[in-house]
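The values are calculated or read from the model by the stated rules, or taken from the named source; none is laboratory data. Computed from a predicted structure; not experimentally measured. When we count neighbours, we look across all protein chains shown, and the Cβ atoms used for this are built from the backbone with ideal geometry, even at glycine. Heavy atoms of the whole protein, side chains included, go into the accessibility calculation; ligands, DNA and RNA do not. Shrake-Rupley method; radii C 1.70, N 1.55, O 1.52, S 1.80 Å.
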Amino acid sequence: MYRSFSMGPLNGIKILDLTSMVSGPLAATILGDQGADVIKVEPIHGEQLRHLGEPHNGVPASFFSCNRNKKSLAVDLKQQSGKDILWKLIDSADVLLQNFRPGAMARMGFAESDVRQRNKKIIYVSISGFGNKGPFAHKRVYDPIIQGLSGATDIQADRNTGRPNMFRIILADKVSAMTAAQAVSSALFYRERNGQGQHIELSMLDATLAFFWPEGMTGLTFAEKETDVKKTFSSIDLIYETQDGYITISVISDKEWSGICKVLKCEELIQDERFATSAARVVNAQERKEITGKEIAKWNSEEILERFQIEGVPSAPLLDRMELMDHEQIIANQTILRDIYEGFGEVRQARPAATFEKTPSQIIRPAPKLGEHGKEILDNLDIGREEQKRLSKEGKVIILE
């Protein structure tokens, strides 16, 4: 049995998730973790992420992680009967999220202005790749396309060859999801104060650029002092090889620099003009890394990390993804949750990162099978069983018995 009730801060908020893939679904999942009641409205064949990856109990791992804490309604929105069902859901919803290409919702009959006529207090969220203006507005988009346009591949470029590289995660999708979830919470707060819903428009390109800007675009911030960002931005590539593996250290303050010099028995570098100040250490970062790297290579990981700890030097081992689940810090924080779900066995998920003292986030149910909650949702809309059977037989909705 799954826990059926959450005491999260968004308890009582009803969300319609019409999104697919990652940017929208993950945003809705974050809100669901925080207590919102999320209905995932999918096409009859299921959204695209259901079909990517090896399924377990009918659900791929990525889909599970992006769609836990939701109920699934599979309905054909091309049919009038499907549209009628969605309108009934809209009437009582607090939030609607959609990430179709600009104009698609209007063609379906659910433009923001039309939805607002039915439900004036709704928070209507439109997530797109590039916004609704400009030459790319109507292009199809996935995460790598945004990485290409946002400067991500320049930030990740090989510092020796200059060859662009991508982040090996769907960074733009997930940054957009977190941005959307935060925006929804702010809009709900405004509505609580002023009683008004509103339209939130968010593009993956805008969200990713905003995410990169603080340190990734320092050379572009002051127009009168514009500099080549490739020279001013030092990638955080602080990986050092030891005798038996790899570690990372990050030194900012003078005290930390003094600490690393003491551990490596290079005290003469403390006052070396190339490294004596934080600014100098940034300018001469590559030289600093080469000098310290040669010394670090003489030690084994465990011993040098212990010495860095004593001297207050920020440092850590480089864990691979199999090792991290058993690391003492991750265990101490209970960062990885392990729950048993019928049909899935043990399922591991990262705990919702924000811990609320009075209204804890919870994972109360696994990602749903396609149409798993169709009967429950239609019952709540007062759609009779005979009508449900008819709609199911005609392929307009999925009803699992």
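Restricting everything to alpha-carbon atoms, can you work out Rg to Rh for the stretch 136-188 with a Kirkwood hydrodynamic radius?
Details: Rg = 14.0 Å, Rh = 12.6 Å.
My calculation puts Rg/Rh at 1.11.
When only alpha carbons of the stretch 84-157 are considered, Rg and Dmax amount to 15.7, 50 Å. Two tests apply to each whole DSSP H helix in the chain, Cα reach of 18 Å or more along its axis and mean Kyte-Doolittle hydropathy of at least -1.0, and the ones passing both are 171-194, 204-216. Considering only Pro360, Ile304, Ala106, and ranking their Cα positions along the charge dipole of the chain that arises from unit charges at the beta-carbon of Lys, Arg, Asp and Glu, the one farthest toward the positive end is Ala106.
Rg and Dmax of the stretch 92-238, both derived from C-alpha coordinates alone, stand at 18.3, 58 Å. If you wrap the Cα atoms of the chain in a convex hull and average its projected area over all directions, you get 24.1 nm². Computed from the alpha carbon atoms alone, the convex hull of the stretch 228-368 holds 182 Å³ per residue. Overall, the accessible surface of the chain at a probe of 1.4 angstrom is composed of carbon and sulfur to the extent of 53 percent. Computed with a 1.4 Å probe over protein heavy atoms only, the accessible surface of the stretch 340-400 comes to 58 Å² per residue.
What number, in percent, do you get for the relative contact order of the chain if the mean sequence gap of Cα pairs under 8 Å and at least 6 apart is divided by its residue count?
Working: 651 pairs, mean separation 85.3, N = 401.
About 21 percent, as a whole number.
Residues in the stretch 111-126 carry Karplus couplings, in order, of 4, 4, 5, 5, 5, 5, 5, 7, 9, 5, 9, 6, 8, 9, 10, 10 Hz; the curve used is 6.51 cos²θ - 1.76 cosθ + 1.60 with θ = phi - 60°, and Gly or Pro positions show x. The heavy atoms of Met325 offer some 40 square angstrom of accessible surface to a 1.4 angstrom probe.
Could you state the accessible area per residue of the stretch 171-241 in Å², with a 1.4 Å probe and every protein chain left in place?
Values: 4370 Å² over 71 residues.
Counting only protein heavy atoms, the per-residue value for the stretch 171-241 is 62 Å².
Projecting the Cα positions of Ile239, Thr277, Thr179 onto the charge dipole of the stretch 154-306 (unit charges on Cβ atoms of Lys, Arg, Asp and Glu, taken about the Cα centre) puts Thr179 furthest along the positive direction.
Under a 1.4 angstrom probe, counting protein chains only, how are Thr242, Thr221 ranked by accessible area, largest first?
Working: Thr242 10, Thr221 70 Å².
Result, largest first: Thr221, Thr242.
Under a 5 Å amide H cut-off, with hydrogens placed 1.01 Å from N, Ile123 pairs with Val95, Leu96, Gln198 among residues at least 5 apart or on other chains.
Rounded to a whole number, what is D in µm²/s for the stretch 1-121 from Stokes-Einstein with the Kirkwood radius over alpha-carbon pairs (4 °C, 1.567 mPa s)? Mind dumping the intermediate values first?
Values: Rh = 15.0 Å.
For these conditions, the coefficient is 86 µm²/s.
A convex hull fitted around the alpha carbon atoms of the stretch 233-284 yields 81 Å³ per residue.
Computed about its Cα centre, the charge dipole of the stretch 166-320 is approximately 320 debye, with only Lys, Arg, Asp and Glu carrying charge at their Cβ. For the stretch 159-292, the orientation-averaged shadow of the C-alpha convex hull comes to 13.0 nm² (one quarter of the hull surface).
To the nearest 20 debye, what is the magnitude of the charge dipole of the stretch 154-194 about its Cα centre, counting +1 on the Cβ of each Lys and Arg and -1 on the Cβ of each Asp and Glu? Please list the in-between numbers first.
Values: 6 positive and 4 negative charges, 10 e Å.
About 40 debye.
Compared with the alpha-carbon gap, the fully stretched path from Gln196 to Lys139 is longer by 17.3 nm at 0.36 nm per residue.
Proximity of backbone amide H atoms, modeled 1.01 Å from N, is registered between Tyr246 and Leu318 at under 5 Å, excluding neighbours fewer than 5 places apart on the same chain.
For the stretch 302-401, list log₁₀ I(q)/I(0) at each q in 0.13, 0.16, 0.23 Å⁻¹, using the Debye formula over Cα point scatterers of equal strength and ignoring solvent, two decimals each. Result of the Debye calculation: -0.74, -0.90, -1.17. In a fully extended conformation the segment linking Glu394 and Thr218 would gain 57.6 nm over its present Cα-Cα distance, using 0.36 nm per residue.
Each part gets one Cα centre, and for the stretch 258-304 versus the stretch 103-162 those centres are 44 Å apart. Report summary: the helix-based calculation at 222 nm, which adds -39500 (n - 2.57) for every DSSP H run with n ≥ 4 and divides by the residues of the chain, gives -11000 deg cm²/dmol. The accessible area of Leu381, taken with all protein chains in place and a 1.4 Å probe, comes to roughly 30 Å².
State to the nearest 20 debye the size of the charge dipole of the chain about its Cα centre, where the only charges are +1 on K and R beta carbons and -1 on D and E beta carbons. Please list the in-between numbers first.
Values: 51 positive and 55 negative charges, 336 e Å.
Charge dipole, the chain, about its Cα centre: 1620 debye, nearest 20.
Multiplying the sequence separation of Asn57 and Glu387 by 0.36 nm and subtracting their Cα-Cα distance, what value in nm do you get?
Taking 0.36 nm per residue and subtracting the Cα distance, the gain is 115.9 nm.
Considering only DSSP beta bridges whose two residues both sit in the stretch 29-175, what percent are antiparallel, to the nearest 5? Before the final figure, lay out each step's value.
On the way: 2 of 11 bridges.
Within the stretch 29-175, antiparallel bridges account for around 20 percent of the total.
Remark: spin-label model distance Lys225-Arg338 equals 5.2 nm, labels positioned 7 Å along the Cα→Cβ axis. Across the stretch 220-229, rounded Karplus estimates of 3J(HN,Hα) from the backbone phi angles (6.51 cos²θ - 1.76 cosθ + 1.60, θ = phi - 60°) give 9, 5, 9, 4, 6, 10, 4, 9, 5, 4 Hz, Gly and Pro being marked x. The simple Förster model, with R0 at 51 Å and r as the Cβ-Cβ distance, assigns Ser253 and Ser92 a FRET efficiency of 0.40. Of all DSSP bridge pairs formed entirely within the chain, close to 40 percent run antiparallel.
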